[in-house]
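These notes are about the structure you will find just below.
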Amino acid sequence: MTWRNGFGAFLGIWIGLGAPPALAAADARSEATAPGVWPAAVAERPPVRLVRVTGPIVVDGDLSEPAWAEAPPITDWWQTNPGDNLPAEVRSVARLAYDGEFLYAAFAFDDPEPAKISSQLGDHDQVGGGRISDYGGLILDPRGDGKVAQMFLANASGVKYDAISSDASGEDSAPDFFWQAAAKRTASGWQLEIAVPFSSIRYADPDPAHWGVMLYRNRPRDFRYQYFTSRLPREVNCFLCNVRPLVGLEGLPEGSHWVVAPYLTGSRIEAASGGPGGRLDERDDEATGGVDAKWLPNPDTVVDLTFQPDFSQIESDTAEITANERFAIFQPEKRPFFLESVDLLSTQLPAVYTRTITDPQWGARVTGGGEQTKYTLLVGQDQGGGLVVLPGVNASGFARQEFRSTVAIGRVRRELGRSSVSLLYSGREVDGGGSNRVFGPDFEWRPDGRNTVRGQLLWSASATPDRPDLADEWDGRDLSGHAFDVQWSRGDGKWDNYVEYKDIGDDFRADNGFVPQVGIRAVLAEAGRTWYPADGAVRRVRLFGIYKYKTDRDDELLERYVVPGIGFDAMLNSFVRVEFAQEDIRAIDRVFRRRQLRPTVELRVGRVLSNVSVSAALGDEIDFANDRLGDGTTWSVAADFTPGSRLRVSPLYRRRTLDVDAAPGLSGRLLTAEVARLRVVWSFNARAWVRLIGQQIETTRRPELWTFEVARHERDLAGSAVFAYKLNWQTVLYLGYADTRALDELDELEPADRQAFFKISYAFRG
């Protein structure tokens, strides 16, 4: 558990076995969407009508208010998974309404087997995952361009999920909005009621002519059944382009809106003097306060300000196995200040990765634009701390960020029909000397439904800090370089193809981004064929092949691989993917051939064992540190036990082994690395919960098999307990305790530090 700032630490490769995005179909987690012809224009689809109501609507899951009788029912729903836009076999009825402050949605979801309705209480955004939880809600496109939407969903226990969905960058649940939801079980199914204040919706016109909307229901049983009020043709390469026009809105609020959320935190950290096993007598008591503010002068312009922001973590990042890994990890952004219109900062080359801003003292951001042009500009001061990624050709390194710096990031995007062009700038100025500036254009071109072309070109100019004590290249030298990426995808609903070319110079740097490998040229190609059986135990089968070729700037081979494979969806809401990989990979000075079998299985076993995920890599493995070939295994197993609606028990286990022949007569297990984590959450209701986490990281090595000195044994054990009450995402109370233990010189597990903390924040709105 890391209470104070830990956002600059990079620990391994992010595998990401958590719950999939709320709307991702079972095949979308690993299979490319197959594009085809454009669907009908939004204006040509049947409209969805809503009415302005004068009577009160109380958001309690009870749909008996007279106001709901005024709203016309929406009864046309289509099963889009596993069926291909079939008429829904279960009845769903929705109604939409609005008044001077809120947009309302009501849903009555009938179910012939109400005892099988599955949902759990939990924290915000923890609706339970598409394969294990009944949920539904509203997907709103307030610009009506079919490109970016706001999602407001909730499960049958009333737990809310909100996200930004973009056809260009996917679905991101990190942004949070103010809104209300309540659910209620009935004898024939369940009901859901939603109220979204217009201040949480990003629209440009108070008398909109072309908002778009889709309504959604998720119903997991033997398969994951998904229903929409729009048809979703499999032969198109867009999701939001299928929204239907929302008509009846007029006279929406134009005035300004603001939120001010001051906070106070306090912590006591006791550390062992002299390392693990010493007395816990080194104390650090700290109390801090700050404020976050958001001002909307109009619905389409947002100004965010923060002073002494609390960017601590309430839950630690899940640890990854870093042994025998060469490059830094990616961890998702969780801090509210950086999440406004997050899709505007998402590009092909990840030149913006806001977790590199480790400890801001202050920050300001403005986001806005009209229907055709959108922009965001962020500035702030980073007080340093954490680690900085030092990119390389065949591995990345780290350096401590022991200096302050000023950060500025901006991007503007111009919509050109279904295509767009954009311009990005990212800069960091280091106190005492040093800078990094990155800029360049990118584009997305959709000439038709079968083809999508994306490209980005960046230039960087850097003056490294004069701190050779922290990193060899930080000696005040000047660096400049380019990064280029272009992608093309094409498909017809059965066949799909993807080709990408990437070229990054040796001296390209993106200090505000996540580019851990530079000095490369790479080609990636993938082709697949998909079948959709109408019935039976399997509902989707995809055969595919992947080819990759990567060299350094001198055309020396870094990677070359051919990967055929198969993926399918089957009974028990299962997803299976198997790859057969043959790869040629450079370690230090030598290229080795690695052959591996890589299976992945995800399934829902039952109501109690609601989710199981297993992935592995079996066969040859390269000892990158010692430049030789060996045999290895990597396993990752995760599960969710849900014995009732309030308790969730989530174990996770990851293990990596590597065996080598070091010399004649000298062979064996080079290393064993393990991560074991147990997360237990008890929810009192949709606002309050208690969470316990225990996590152990252990690595064992045989030093005689290594070509340099290494530690024989490393082990850390951390535990934490947190109580939370969340009235909304900015009005919160946290109380917590954490304890960390590590090995001492006698290889005994001893206390290293412990800490107690609290946080209280309240959002004032006007």
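The values are calculated or read from the model by the stated rules, or taken from the named source; none is laboratory data. Fair warning: this is a prediction, and the values are worked out from it, not measured in the lab. Cβ placement follows ideal geometry from the backbone for every residue including glycine, while neighbour counts extend to all protein chains displayed.
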| Given (1) touching a residue at least 24 places away in the same chain (Cβ under 8 Å); (2) part of a loop (DSSP other than H, G, I, E, B); (3) acidic (D, E), where does E709 come up short, assuming only one miss? | (1)
| said: If a residue must be in contact with an Asp or Glu (Cβ under 6 Å, 6 or more places away or on another chain) and within 18 Å of D631 (Cα to Cα), how many such residues does the range 562-587 contain? | reply: 2
| note | Within the range 664-684, the residues that are in contact with a helix residue (DSSP H, G or I) (Cβ under 9 Å, 6 or more places away or on another chain) and aliphatic (A, V, I, L, M) are L666, L670, L671
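Residues of the range 567-589 being not in a strand (DSSP E or B) and not polar (S, T, N, Q), which ones?
M571, L572, A587, I588, D589
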| request: Tell me which residues, restricted to the range 85-117, are part of a strand (DSSP E or B), over 16 Å from S188 (Cα atoms) and either out of contact with any helix residue (DSSP H, G or I) (no Cβ under 6 Å at 6 or more places or on another chain) or among the β-branched types (V, I, T) (or both). | output: L86, P87, L96, A97, Y98, F102, L103, Y104, A105
| query | Which strands (runs of 3 or more DSSP E) does the range 354-434 wholly contain that include 1 or more residues that are over 19 Å from T306 (Cβ atoms), touching a helix residue (DSSP H, G or I) at 6+ places or on another chain (Cβ under 7 Å) and of a type in the set (A, V, I, L, M, F, W, C)? | reply | none
| query | Would you pick out the residues in the range 546-562 that are surrounded by fewer than 16 Cβ atoms within 10 Å (Cβ to Cβ) and basic (K, R)? | reply | R553
| field | Those residues of the range 427-450 which are under 26 Å from the mean Cα position of the chain (by Cα) and closer than 20 Å to V486 by Cα, in sequence order | value | V438, F439, G440, P441, D442, F443, E444, W445, R446
| said: Can you tell me how many residues within the range 498-517 are of a type outside the set (D, E, K, R) and at pLDDT below 95? | reply: 7
| field | Candidate set: the range 160-188, residues that are touching a Ser or Thr at 6+ places or on another chain (Cβ under 7 Å) and in a loop (DSSP other than H, G, I, E, B); chosen: the one modelled with the lowest pLDDT | value | S169
| note | Those residues of the range 259-293 that are outside any strand (DSSP E or B) and surrounded by 13 or more Cβ atoms within 10 Å (Cβ to Cβ) come to a total of 4
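Looking at the range 455-566, what strands (runs of 3 or more DSSP E) fall wholly within it and have at least 3 residues that are closer than 29 Å to F398 by Cβ and within 27 Å of the chain's Cα centre (by Cα)?
Result: 478-491, 495-504, 520-531.
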| query | Restricting attention to the range 680-706, which residues are surrounded by fewer than 19 Cβ atoms within 10 Å (Cβ to Cβ), in a strand (DSSP E or B) and over 26 Å from the mean Cα position of the chain (by Cα)? | reply | E698, T700
| message | Just to verify a result, which residue in the range 744-755, among those that are surrounded by 15 or more Cβ atoms within 10 Å (Cβ to Cβ) and of a type in the set (A, V, I, L, M), is nearest to T265 (Cα to Cα)? | response | A752
| note | Considering residues that are under 17 Å from V352 (Cβ atoms) and either free of Cβ contacts under 8 Å to residues at least 12 places away in the same chain or among the polar types (S, T, N, Q) (or both), the number found within the range 364-380 is 2
| said: Can you confirm whether V605 is touching a residue at least 12 places away in the same chain (Cβ under 8 Å) and outside any strand (DSSP E or B)? | reply: yes
| query | So which residues in the range 217-241 are within 24 Å of R91 (Cβ to Cβ) and either in a loop (DSSP other than H, G, I, E, B) or out of contact with any strand residue (DSSP E or B) (no Cβ under 7 Å at 6 or more places or on another chain) (or both), if there are any at all? | reply | P220, R221, D222, F223, T229, S230, R231, L232, P233
| task | Check the range 300-308 and report whether any residue there is modelled with pLDDT of 75 or more, more than 23 Å from D141 (Cβ to Cβ), under 30 Å from the mean Cα position of the chain (by Cα) and not in a strand (DSSP E or B). | result | yes
| Evaluation of P208 against (1) assigned to a loop (DSSP other than H, G, I, E, B); (2) closer than 30 Å to S118 by Cβ (one fails), failing number | (2)
| task | Only residues that are part of a strand (DSSP E or B) and either of a type in the set (S, T, Y) or modelled with pLDDT under 90 (or both): list them for the range 138-159, please. | result | V148
| said: Only one of R741, R715 is surrounded by 15 or more Cβ atoms within 10 Å (Cβ to Cβ) and modelled with pLDDT of 90 or more. Can you tell me which? | reply: R715
| Qualifying residues in the range 618-663 (those that are over 18 Å from R679 (Cβ atoms) and of a type in the set (V, I, T)) - the one surrounded by the fewest Cβ atoms within 10 Å (Cβ to Cβ) | T633
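Can R404 be described as in contact (Cβ under 8 Å) with a residue 60 or more places away in the chain and either in contact with a Phe, Trp or Tyr (Cβ under 9 Å, 6 or more places away or on another chain) or not hydrophobic (A, V, I, L, M, F, W, C) (or both)?
No.
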| message | Suppose the filter is farther than 30 Å from V541 by Cβ, in a loop (DSSP other than H, G, I, E, B) and in contact (Cβ under 8 Å) with a residue 40 or more places away in the chain; does D62 pass it? | response | yes
